[in-house]
Amino acid sequence: MTLPTFERVQCIAADLFQVPAGSIAANSSPESIPTWDSVQQLNLILAVEQEFEVQFEPEELDHIRSIGDIVEQLQAKLASRL
């Protein structure tokens, strides 16, 4: 997981969930962030897609359970562009 990508996702999540960025770690999930519900999950994915100009496939979304999962899926998408 590269830090700049993680930090960008961390900032998006912090803004969306209205929590300090420092409170969001790779293992942060709906269980650890009270404002992270199914609607906010969709908003988070849409915001990440817009920020990084990517689009996640439905089957990729099934594997997203934490911030770290989002970053991993995102990095795989970004690497495939090269």
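Only the coordinates and a few stated rules stand behind these numbers; no lab work does. What you see is a predicted model; the values in this text were computed from it and never measured. Cβ sites come from the backbone with ideal geometry, for glycine too, and all protein chains shown count toward neighbours.
Values of log10 I(q)/I(0) for the chain across q = 0.17, 0.19, 0.21, 0.23 Å⁻¹ run -0.59, -0.75, -0.94, -1.14, by the Debye formula with one identical scatterer at each alpha carbon and no solvent. Counting charges near Thr5 (Lys, Arg +1; Asp, Glu -1) among other residues having Cβ under 14 Å from its Cβ returns a value of -3. Enter the angle in degrees (range 0 to 90, nearest 10) between the Cα long axis of helix 3-17 and the first principal axis of the Cα atoms of the chain, meaning the one along which they spread out most. In the chain, helix 3-17 runs at an angle near 40 degrees to the longest axis. Once the Cα atoms are used to define both axes, helix 67-81 deviates from the longest principal axis of the chain by about 20 degrees.
Once both labels are positioned 7 Å from their Cα atoms along Cα-to-Cβ, the gap between Glu49 and Ser80 label points is 1.4 nm.
Val54 sits among other residues whose Cβ lies under 14 Å from its own Cβ, and their net charge, with Lys and Arg +1 and Asp and Glu -1, is -3.
Whole-Hz Karplus values for the stretch 47-53 come out as 5, 5, 4, 5, 4, 9, 6 Hz, taken residue by residue from phi with 6.51 cos²θ - 1.76 cosθ + 1.60 and θ = phi - 60°; glycine and proline positions read x.
Here the relative contact order of the chain, from alpha carbon pairs under 8 Å that lie six or more residues apart, stands at 38 percent.
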